[in-house]
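Q: Here you go, one structure.
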Amino acid sequence: GDRGVYNFAAGPATLPESVILKAQSELYNYRGSGMSIMEMSHRGKEFDAVIKKAESDLRRLLSISDDFSVLFLQGGATTQFAAVPLNLCNPEDTADYIVTGSWSDKSFKEAQKFCKPNLAWSGKSDKYTNILPFDEIQQNPDAKYLHICSNETIHGVEFKNYPKPKNNSSILVADMSSNFCSKPVDVSKFGLIYAGAQKNVGPSGVTIAIIRRDLLGHAQPITPVMLDYKTHSDSASLYNTPPCFAIYICALVFEDLLDQGGLVAIAQNNAKKAGLLYEAIDGSGGFYVCPVEKSVRSFMNVPFTLQRSELEKKFIEEAAKERMVQLKGHRSVGGVRASIYNAMPLAGVEKLVSFMKDFQARHP
Ligand code: PMP
């Protein structure tokens, strides 16, 4: 079932071939039910088994304790930008935001509608190529939480470890959309983790939230019922009709990740792929340039430019002819971006690296 393409898209993104094939085989008649999973009640026994397995496999993958609720939500990570302040603080409260790229900048701006967020640090003046040492970050002692984006999908900046909120009652909140399940994470260090599924674990349409249970039930009174995490926690993500098919695909991906040995094995594979690609960039004598400071380079999204920027279009076009697609950088920053999520095989990265060397040789 080799489709012959390496898809470097940032999201929706490539999914494991085995998952797509399994979904295909079960699509028409799901396990003898005479229906596809898309056609069934979300309260029936088949879907009930799917969502329970999705949750229990995710709990195994990330070793999530019962102190946390695991939620399958809609509205994308963007909706969480509002839900976070609505659930975790009052309008007059402050919260710290570390802005390391476009996505955390968006979350910071959205929070301004619902609380008084403090910009604890911004990497904007360095064009989002770095993360300040944590002890130099200006945390507000009154902050209700500290918000980070663990991996900036556009700028390719990734936290390799995590800051601690300054005051003991504050909590760490992370948008993990683009590196969710790419490596082990100590969930107990966080109060809330959220992630759109469409990069590492599924299709678009479902957003996963992992929230410490003691944080539930304190939402601002104006919070729409759908944005209150307690609503979804109390009803096991079945308050209203959930995105059933998307959750089903996530369940298949989680099972596949466990079959591959879990997140330790996945992380090793991801480190190897990213290492190969950064080595090719750094070893090109300046032909390819990655602006991100080495210690915070993303293992998921690798942005780079060509020193001769007039060659970028040709690079992307020729790569596409060789069946390496979706390499164009985000429209806001240009250049090239190779997203190499869990499901990108090592062979895909090796092919890209050899194409890069060949392209350079042809453009002396
Ligand atoms: N945060 C990050 C880190 C992202 O990469 C994205 C999407 N690319 C978002 C938030 C927004 O996600 P959504 O489109 O699911 O709202």
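The numbers here are math on the coordinates, done by the rules we state, and not lab data. Note that the coordinates shown come from a computational prediction; the quantities given were computed from them, not determined experimentally. Methodologically, a virtual Cβ is constructed for each residue, glycine included, from the backbone with ideal geometry; neighbour enumeration extends over all protein chains shown.
Q: Stretched out fully, how many nm does the piece from Glu17 to Val264 gain, at 0.36 nm a residue minus the Cα gap? Intermediate results must be reported in sequence, preceding the final value.
A: Details: separation 247, 0.36 × 247 = 88.92 nm, distance 2.08 nm.
That works out to 86.8 nm of additional length.
Q: Which value results for Rg/Rh of the stretch 28-77 when Rg is the Cα radius of gyration and Rh the Kirkwood radius based on the inverse mean 1/r? Please list the in-between numbers first.
A: On the way: Rg = 13.4 Å, Rh = 12.7 Å.
Ratio of gyration radius to Kirkwood radius: 1.06.
Q: Which residues among the stretch 228-244 fall inside the zone where the amide N is under 14 Å from a point 7 Å beyond the Cα of Ser41, along Cα→Cβ?
A: So the set is 241.
Q: For the stretch 5-90, treating each Cα as an identical point scatterer without solvent, what Debye log10 I(q)/I(0) comes out at q = 0.14, 0.17, 0.19, 0.23 1/Å?
A: -0.80, -1.08, -1.20, -1.24
Q: Report the Cα centroid-to-centroid distance between the stretch 178-232 and the stretch 241-263 in angstrom, as an integer.
A: The distance from the Cα centre of the stretch 178-232 to that of the stretch 241-263 comes to 16 Å.
Q: Please report the relative contact order for the stretch 1-59, taking Cα pairs under 8 Å with a sequence separation of at least 6, and give it as a percent rounded to a whole number.
A: Working: 20 pairs, mean separation 8.8, N = 59.
About 15 percent, as a whole number.
Q: With Cβ to Cβ distances under 15 Å as the rule, what net charge do the other residues near Glu318 carry (K, R +1; D, E -1)?
A: On the way: positive: Arg308, Lys313, Lys314, Lys321, Arg323, Lys328, Lys351, Lys357, Arg362; negative: Glu310, Glu312, Glu317, Glu322, Asp358.
Counting the neighbours of Glu318, the net charge comes to +4.
Q: Determine the distance separating the Cα centre of the stretch 27-77 from the Cα centre of the stretch 105-151; give it in Å without decimals.
A: 34
Q: List the residues whose amide H sits under 5 Å from the amide H of Asn301, counting only those 5 or more places along or on another chain, with H placed 1.01 Å from N in the peptide plane.
A: For Asn301, the qualifying residues are Ile340.
Q: Quick check on packing: order 96-106, 22-32, 164-174 by the mean number of other C-beta atoms within 10 Å, highest mean leading.
A: On the way: 96-106: 22.9, 22-32: 12.3, 164-174: 17.4.
Top to bottom by mean Cβ count within 10 Å: 96-106, 164-174, 22-32.
Q: Can you put Met226, Met40 in order, fewest other beta carbons within 10 Å first? Write down the numbers at each step before the final one.
A: Values: Met226 14, Met40 20.
Ascending Cβ contact count within 10 Å gives the list Met226, Met40.
Q: Using unit Cβ charges (K, R positive; D, E negative) and no other charged atoms, how large, in debye to the nearest 20, is the dipole of the stretch 18-259 about its Cα centre? Spell out each step's value before the answer.
A: On the way: 24 positive and 27 negative charges, 19 e Å.
Rounded to the nearest 20 debye, it is 100 debye.
Q: Find out how many positive minus negative residues lie around Tyr239, taking Lys and Arg as positive, Asp and Glu as negative, among other residues whose Cβ is under 12 Å from that of Tyr239.
A: Cβ neighbours under 12 Å give a net charge of 0.
Q: Follow-up. Label points 7 Å out from Cα along the Cβ direction at Ser188 and Thr78: separation in nm?
A: If labels sit at Ser188 and Thr78, their model points lie 3.7 nm apart.
Q: Quote the FRET efficiency, to the nearest 0.05, computed for Lys294 versus Arg31 with a Förster distance R0 of 41 Å and r equal to the Cβ-Cβ distance. Show your work: numbers first, answer last.
A: On the way: r = 48 Å, r/R0 = 1.17.
The calculated FRET efficiency here is 0.30.
Q: Rounded, prolate or oblate for the stretch 215-296? Axes are the square roots of the Cα gyration tensor eigenvalues, ordered a ≥ b ≥ c, and the cut-off for rounded is a/c under 1.5.
A: The shape class here is prolate.
Q: Mean projection of the alpha-carbon convex hull of the stretch 106-167 over all orientations, in nm²? Please report the intermediate quantities before stating the final value.
A: Working: hull surface 17.9 nm².
Over all viewing directions, the stretch 106-167 projects a mean Cα-hull area of 4.5 nm².
Q: Would you work out the Kirkwood radius for the chain? I mean one over the mean of 1/r across all pairs of different Cα atoms, in Å.
A: Working: mean 1/r = 0.0470 Å⁻¹.
One decimal place: 21.3 Å for the Kirkwood radius.
Q: Something else: Can you give the calculated 222 nm mean residue ellipticity of the chain, where each DSSP H run of n ≥ 4 adds -39,500 (n - 2.57) and the sum is split over every residue, rounded to the nearest 500 deg cm²/dmol?
A: -10500 deg cm²/dmol
Q: In Å and from the alpha-carbon atoms only, list the Rg and Dmax of the stretch 15-161.
A: In Å, with Rg to one decimal and Dmax whole: 20.1, 60.
Q: Something else now. Run the numbers for Arg3 and Lys109: contour at 0.36 nm per residue of separation, minus the present Cα-Cα distance, in nm.
A: On the way: separation 106, 0.36 × 106 = 38.16 nm, distance 4.08 nm.
Here the answer is 34.1 nm.
Q: Right, something else. Which of the lysines could a cross-linker bridge to Lys166, judged by Cα under 20 Å and excluding same-chain residues fewer than eight apart?
A: Lys116, Lys144, Lys189
Q: Extending each Cα 7 Å along its Cβ direction at Lys127 and Arg362, get the distance between those two points in nm, one decimal.
A: 2.7
Q: Set the Förster distance to 41 Å, then compute FRET efficiency between Glu92 and Thr241 from the Cβ-Cβ distance, nearest 0.05. All intermediate terms of the calculation are to be shown ahead of the outcome.
A: Details: r = 35 Å, r/R0 = 0.87.
Rounded to the nearest 0.05, the efficiency is 0.70.
Q: What share of Cα pairs, in percent, lie more than 21 angstrom apart in the stretch 181-251? Walk me through the numbers on the way to the answer.
A: Values: 805 of 2485 pairs.
Looking at the stretch 181-251, the distances longer than 21 Å represent 32 percent of pairs.
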